[in-house]
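Report on one structure; see the data block that follows.
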């Protein structure tokens, strides 16, 4: 039976399947909203997201990018790496130098771990199974500073840091689970080194720059801010495309009950699904409103796009401290891994393990959200 189904699908051109899915989706939405209203809502939502959300996120990216570059310039990153190094082996089964990757991805984005891993001096500390699991490890901290600063900017203070603890727990699960998957298929990777240990140089000493203190600060701020602009530009497609579609499936008609073509109207498909599975999300994550499932769904593709949902959730009265803790945990841990894992593993040279990395990270993200929820519940009881 499976062979018959497989042959049937192989006989259909992929273009026809694509057209069927796209036209089916928009025919469904248009049948409820009306085609003119649907098109106007899509354009108005994307335009409002660009002006009121993307530029706000870009501003945060510029500030956090500048702060991160100052930390690098003046040795704060190296200091944090030395503090965190003793935790790497017992928690993540990784060598101590992996802590540098956690700090860098927290200050920037997921791919920072790959640029670091390509340094032979860094990779020489790893066995192959540990090296491959860096994809999961680094992703769990990607854009962490941006996520936390954004949540604090919305008026929540304790919840984002509870979410950070949840993200760390999710990272432990994701990294170690990925290592188990790798060793199951490739047991020889347990002893094989990634690079010759001769590539290990002496610990880099901090070298004082010839520049003046003022010049070092100014250069760090400007260079880091420029990096923030690049990150801000990179999140535009995810926010405009993914968030617009998710909002179209999340929100309902205008307050009058009619569709007017205004921004942030929709067909409420995701809340309907959430209501059907409400008992699951309420027990696992503590969600009190079915609309909230839009955040983790969006975070699968882009955490920047997921963050753009928050202001509207707050305005609608659906958000509480527990939701912020869960959003921070799952937003940090997943941070758009579906859109980055393939490229990251391809860069490392282990593309065939992409499906296992995605499975491990999916489980890790769910664990992060569950842990954040229960820690928040304990916090509220204290």
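Values quoted throughout were computed directly from the atomic coordinates according to the rules given, and no laboratory measurement underlies them. Given the structure is predicted, the values throughout are model-derived calculations rather than measurements. In this analysis, Cβ positions are derived from the backbone assuming ideal geometry, glycine residues included, and neighbour counts consider all displayed protein chains.
Key figures
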item: Debye intensity ratio I(q)/I(0), log10, the range 55-113, q values 0.15, 0.23 Å⁻¹ (C-alpha model); result: -0.48, -0.89
item: Packing rank of 136-146, 354-364, where each peptide gets the mean count of other beta carbons within 10 Å, highest leading; result: 136-146, 354-364
item: Percent RCO, i.e. relative contact order, over the range 258-382, from Cα pairs under 8 Å lying at least 6 residues apart; result: 26 percent
item: Kirkwood-type radius of the range 277-322, with distances r between different C-alpha atoms, in Å; result: 11.0 Å
item: The chain, relative contact order [Cα under 8 Å, separation at least 6], %; result: 25 percent
item: Cα centroid separation, the range 154-192 to the range 81-105 (Å); result: 12 Å
item: Cα centroid separation, the range 20-61 to the range 312-361 (Å); result: 22 Å
item: For the range 10-73: rounded, prolate or oblate by the Cα gyration tensor [a/c cutoff 1.5]; result: oblate
item: Pairs of Cα atoms farther than 38 Å apart, the chain, %; result: 24 percent
item: Length-normalised contact order for the range 93-153 - Cα pairs under 8 Å, 6+ apart - percent; result: 46 percent
item: Cα-based Rg and Dmax for the range 250-382, where Dmax is the largest Cα-Cα distance (Å); result: 16.6, 55
item: Ranking of 283, 334, 318 by count of other Cβ atoms within 10 Å, fewest first; result: 283, 318, 334
item: Principal axes of the range 113-174: Cα extent on each, largest first, Å; result: 43, 22, 13
item: Ranking of 35, 70 by count of other Cβ atoms within 10 Å, fewest first; result: 35, 70
